[in-house]
Amino acid sequence: MDTNYTIRLIKSVNDKDLVEALDIYIKMVDEHSETSTSQIRDYIQNKYNDTRKLFFYVLYANDKIVGFAEYGYLPQSEALLIDYICTNPRNHIYFYNFYHMIFEDISGLLKKKNYYIKYIITELSLKKDNENKYIDVDSNYFRQLLSFEGFKILRTPYYQPYCNNMKKELFWEDFNIAIKSLINGLYTKTLVDKIFYKELLTDIYMNHYAVWYAKFMDQTKVDQFFTNLINKVEKEFTDNIEIDNITLVNCTLFQNGLCQQISTENITLKKKRAYYVKQWTMRIVCVIFSIATGVFCYLERFDTSEAFFCSLLTIVSATITLVQFMKERFF
């Protein structure tokens, strides 16, 4: 059976297929990752002349509507943002066909205006439930798909903003940034440049998110929220953060939050300090136990209770050292 895949750029809110495409979008996007459909329709209707360019697509398979996609382009960073690619059903064949078709279409449109794409970027949720299990099905699905497209993870502090439509307030949640470079660079295990990251972050927050929310909320509150968010990230940024491969999540232990070998958690200054405090505490305990053992031996205090205590200190010290070695070497 032959399948014909097509896409169509939405230019009017009156497009007859938009309602059905948005219905698929609402059902497939995870909580707090969705944008109000009324705001999407408003953007399509008013064609705002923002610095950031937005693109909305309906996706078809054999002329049947199977999904909705929203992309943004940031000229300052020359970055293409994947906001959403939603298909029903979730299907890797659908994804790869639409992903490449949309990229080619947007690239052609941008080149006509002398714009070029250096990076493709998207966001991946780190939300867990009370049992520490990853619960964003959409993000877990895309981690697997994006890993085969050569995307990398910047395990830097990053928070995706979202709007509580009931309270009309902005909040944030912990997310990963996944990025694919179309130029040389961003190799696995190379370090994230702090200046590059701050410029990219500021571009995403101020020119992508803030300009959107400012059309539906108080401008001053929106600007203050994102200024605070940028400051928060800058304070939490720590040096020596490596660019990493996307961790695949088709693993029960990982999804249950029990895997000790891999992690998607972002690296922040607070977490790094806590890690070093733990490491040095264990090392100091080992040294104290070793010194105590040496003192007992030097004073030749070997009655039954003291000999037992000395042996116990030696065992505990050796166990701590062995555990630390195993964790550093294998995990």
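Taking segment 1-18, which residues are part of a loop (DSSP other than H, G, I, E, B), in contact (Cβ under 8 Å) with a residue 40 or more places away in the chain and open to solvent by less than 50 Å² (accessible area, probe 1.4 Å)? Spell out how you get there, then give the answer.
Our first condition is that a residue be part of a loop (DSSP other than H, G, I, E, B); within segment 1-18, this holds for 1-4, 10-17.
From the residues that got through so far, the ones that are in contact (Cβ under 8 Å) with a residue 40 or more places away in the chain too are 3-4, 10, 15, 17.
Residues satisfying the conditions are Ile10, Asp15, Asp17.
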Which condition number does Glu173 fail, the rest of (1) touching a helix residue (DSSP H, G or I) at 6+ places or on another chain (Cβ under 8 Å); (2) surrounded by 14 or more Cβ atoms within 10 Å (Cβ to Cβ); (3) charged (D, E, K, R) being met? (1)
Could you list, ordered by first residue, the pairs with Cβ atoms under 7 Å in which the first is in segment 152-166 and farther than 18 Å from Ala214 by Cα and among the aliphatic types (A, V, I, L, M) and the second is at pLDDT below 85 and not in a strand (DSSP E or B), at least 6 apart or interchain? Ile153/Ile246
Here are the criteria: (1) of a type outside the set (Gly, Ala, Ser); (2) touching a residue at least 40 places away in the same chain (Cβ under 8 Å); (3) open to solvent by 50 Å² or more (accessible area, probe 1.4 Å); (4) within 25 Å of Met166 (Cα to Cα). Tell me which single one Asp23 does not satisfy. (2)
Just one listed residue, out of Leu182, Leu154, Leu191, is modelled with pLDDT under 90, open to solvent by 30 Å² or more (accessible area, probe 1.4 Å) and not acidic (Asp, Glu), and it is Leu191
Look at segment 26-36 and say how many of its residues are open to solvent by less than 70 Å² (accessible area, probe 1.4 Å) and part of a loop (DSSP other than H, G, I, E, B). 6
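The values are calculated or read from the model by the stated rules, or taken from the named source; none is laboratory data. From a predicted model like this one, the values you see are computed outputs, not experimental measurements. Counting neighbours? That spans all protein chains shown, and the Cβs are built from the backbone with ideal geometry, glycine included. Surface areas here come from the heavy atoms of the whole protein model, side chains and all, with no ligands, DNA or RNA. Shrake-Rupley method; radii C 1.70, N 1.55, O 1.52, S 1.80 Å.
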